[in-house]
Amino acid sequence: MNKKTFLLLWLFFHGVVIAQAEKEHLVGLPVLDRPTGAFNHGEWFEFRIHYGVFNASSVTLGITADTLDQVPVFHAKGYGRTTGLARLFFKVEDHYETYFGQHDGLPRKFIRDINEGGYTKDLEIAFDHQKQQATVDDNKKKTTAAFAIEENVQDLLSAFYYLRNFYDTSQLTLGKDIYLNLFFDQENYRFKLEYLGKETIATKFGQVRCLKLRPHVQSGRVFREQESVTLWVSDDDNKVPVRMRADLRVGAIDCDLENFRGLQHPFQISVQ
């Protein structure tokens, strides 16, 4: 496996949400007025990204309660790195942080500090939802710029928690889609998840009943087509991502839940 292959492995995890949706028929799953309580202070996940027998990357996500400008927020941190042989070919150290409202789930501040084989970014984004504006501070280039954003927009990391906490999955039926507005770096995106039904899958923890979803991703450089990615989310009150699978131009990639702690609700599994 070469350097380009390992870059694609990493793009699988945080590139899956840079998506495109059809602009027609944007009536999707209802968004709730208040959070469902899917998570709370102290939740932590570890995911393992692997290519066949090769462990390529590990990703951790943790969340704590905090305040920002006297507003109660959740402070989530994501950290990703290549591991094992992959690290010898392509070193990745990616840090993401988001501060989002505890009551409305909207991001207030987003931090992206990455080093991917020498390619670096150091950005801070401040969200003003009343003005529908995002201010992007590029600490590497020492520039500041303002951009228009969509209503109820999410950043790359807050979207993970918003999807779990503000969508009424009890209303999911085949053909029912989930839509989300995203702002990433300096661009707005429309994210679409297609519901494929329920499926029980084997994991290291036991058999887990899941909601099966299909993010519609941008085809081309990384993914073969828009329907190349499948996501399995636990069909319980936690809505934990258990597995992601993608067909790439260089093969198939899996991302599996490896460890967790601090769940708000019991994780519904059966012993293997």
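The values are calculated or read from the model by the stated rules, or taken from the named source; none is laboratory data. Here the structure is a predicted model, which is why all the values come from computation and not from measurement. With ideal geometry, Cβ positions are generated from the backbone for all residues, glycine too; neighbour counts draw on all protein chains shown.
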**Prompt:** Going by the conditions given, is residue 119 crowded, with 19+ Cβ neighbours inside 10 Å and either aromatic (Phe, Trp, Tyr) or closer than 20 Å to residue 61 by Cβ (or both)?
**Reply:** no
**Asked** Do we have any residue at all in the stretch 198-217 that's over 16 Å from the mean Cα position of the chain (by Cα) and modelled with pLDDT under 90?
**Response** no
**Message:** I'm checking my understanding of the structure. Among residues of the stretch 142-181 that are in contact with a Leu (Cβ under 7 Å, 6 or more places away or on another chain), of a type in the set (A, V, I, L, M, F, W, C) and in a strand (DSSP E or B), which one is farthest from residue 95 (Cα to Cα)?
**Reply:** 178
**Item:** Total residues in the stretch 246-263, condition within 16 Å of residue 46 (Cα to Cα) and either surrounded by 15 or more Cβ atoms within 10 Å (Cβ to Cβ) or at pLDDT below 95 (or both)
**Value:** 7
**Prompt:** Looking at the stretch 76-118, which of its residues are farther than 30 Å from residue 54 by Cα, touching a residue at least 12 places away in the same chain (Cβ under 8 Å) and outside any strand (DSSP E or B)?
**Reply:** 102, 103, 105, 106
**Request:** With the condition kept exactly as written, say whether any residue in the stretch 119-127 is acidic (Asp, Glu), assigned to a strand (DSSP E or B) and under 22 Å from residue 245 (Cα atoms).
**Result:** no
**Prompt:** For residue 45, all conditions in the list (1) more than 15 Å from residue 245 (Cβ to Cβ); (2) modelled with pLDDT under 90; (3) buried (at least 17 other Cβ atoms within 10 Å of the Cβ) hold save one; what is the number of the exception?
**Reply:** (2)
